[in-house]
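Quick note: the coordinates plus some simple rules give every number you see, no bench work behind them. The shown structure was predicted, so the numbers you read here are calculated from the model rather than taken from an experiment. Quick reminder, even Gly has a Cβ in these numbers, built from the backbone with ideal geometry, and neighbours come from all protein chains shown.
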Ligand code: DLL
């Protein structure tokens, strides 16, 4: 069975990686031009022929692709192979407008599985592991992606999907699950449930691969402490394949991008100008090995920094920071940019749970931000005075972090709905983007 640590690729020199990307990009641009009308029309309009793209240096000549393009081309507009070559689709969970559908040939699935197998190896995985996948299965890419990676590795795979906490914990205990794969919010929920049942000592978990949504270092430590594991981040998006576009290694200082499959750029989200490594901006991907759904310069809207510093794990692929926000899910309240992760950091620092909800409302004169925070067990019998003092402390800590006043409302422990997929952290009642 192959070991999906692939040093000849993952530890290749910068020149070797560049040469591989150059060759694959040239081929991909021709494939896209020949088979996708939208790209052909755009390149024709811009006066660019596939032959003009000779290396990664020419990438900036190519047009960007946006989520709106994907919606407009729904369902088959961007499909670059005959329909009969497609073996699978996945789709984003978008709640507004048309869904985005991504297509895969068998070759695309094989490469995707390989990316996820690499992520499992980086988290200490091998054939001997029991991989417990409770990402959702179905149109969402999480379940299928980690499931495929685990198969590729030859590990025993538990396709649990999300939900049914009792059964999750029972299977973990009975079958000796060693690697847990799910969203960080579900991991935090499971950790809480396992702790309450006094089950932590009965489990064999050693690591977790958590991604698909933003999570903070504080949340990582919370999950690691409660479960006694090492928690690794994994990043990806449906449009580019799913989980495994990048993943953390044991250094836990950013996620290595699988550069043999994806070329990453950072751009200024306002001007589209390409920024040098080390600068913060919007992450853009070009997929250079995909057959069915190859995207050129796809704008992810995730704000990141790329880092080419030498990594102690030996991998040479560029690392991206955790997304530091989105250029489109950031809340602007009273003119101030607010990221949910900032609020989460304050709550965890102050000893509250990562279960919270942010409600933005607009009254006649101004915007209001309210944060619902679950009471910790020791607050159940607190007097009103003590609760009021705690409330004031939290309001002050949030003000320090955000620069604006946010009201805090304590709610009963466990009263905020737990998520089995991505947690709903922000309820924006201002309807700023309608009409
Ligand atoms: O969330 C794919 C995935 C599944 C990744 C399982 C990791 C694990 P989408 O549903 O298309 O795909 O959502 C993609 O989720 O643009 C980011 O904004 C966000 N995201 C994904 N991974 C992370 C992460 C999957 N590790 C969008 N940290 C992306 C923060 C993440 N945000």
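Please determine, in degrees from 0 to 90 and to the nearest 10, the orientation of helix 340-349 with respect to the longest principal axis defined by the Cα atoms of the chain, where the helix direction is its Cα long axis. It is inclined by approximately 40 degrees.
Using only the Cα atoms, work out Rg/Rh for the range 127-202, with Rh taken as the Kirkwood radius, to two decimals. Spell out each step's value before the answer.
Details: Rg = 12.0 Å, Rh = 12.5 Å.
That ratio is 0.96, to two decimals.
Among 362, 299, a tally of other beta-carbon atoms within 10 Å of each Cβ gives an order, fewest to most, of 362, 299.
How much length would be gained if the chain were fully extended between residue 19 and residue 99, taking 0.36 nm per residue of separation minus their Cα-Cα distance, in nm to one decimal?
Numbers: separation 80, 0.36 × 80 = 28.80 nm, distance 3.59 nm.
Between residue 19 and residue 99, full extension yields 25.2 nm more.
Only alpha carbons enter this Debye calculation for the range 194-249, each as an equal point scatterer, and the log10 of I(q)/I(0) it gives at q = 0.14 Å⁻¹ is -0.45.
Quick one: of the DSSP bridges fully inside the chain, what percent are antiparallel, nearest 5?
Working: 39 of 64 bridges.
Expressed as a percentage, antiparallel bridges in the chain total about 60.
Between the range 181-196 and the range 1-31, the C-alpha centres lie 36 angstrom from each other. Averaged over residues, the count of other Cβ atoms within 10 Å places the peptides 374-387, 179-192 in the sequence 179-192, 374-387, highest first. Show me, bin by bin at 10 Å from 0, the whole-percent P(r) of the chain based on Cα pairs. Going out from 0 Å in 10 Å bins, the chain shows 4, 20, 30, 26, 15, 5, 1, 0 percent. Seen against the Cα atoms of the chain and their longest principal axis, helix 384-402 is set at about 30 degrees. Averaged over residues, the count of other Cβ atoms within 10 Å places the peptides 154-166, 282-294, 11-23 in the sequence 282-294, 154-166, 11-23, highest first. Calculate the FRET efficiency for residue 197 and residue 253 from the Cβ-Cβ distance with a Förster distance of 35 Å, rounded to the nearest 0.05. The calculated FRET efficiency here is 0.55. When each of the peptides 220-230, 419-429 is scored by the mean number of other C-beta atoms lying within 10 Å of its residues, the order from highest to lowest reads 220-230, 419-429. Dividing the Cα radius of gyration of the range 1-110 by its Kirkwood radius returns 1.02 for Rg/Rh. Averaging 1/r over every pair of different alpha carbons in the range 50-166 and inverting the result gives a Kirkwood radius of 16.6 Å. The label-point distance for residue 217 and residue 55, in a model that sets each label 7 Å from Cα toward Cβ, rounds to 3.8 nm. For the range 84-228, a Kirkwood hydrodynamic radius built from all Cα pairs, placed in the Stokes-Einstein relation at 10 °C and 1.306 mPa s, yields a translational diffusion coefficient of 100 µm²/s.
Helix 106-122 and the longest principal axis of the Cα set of the chain meet at an angle near 50°.
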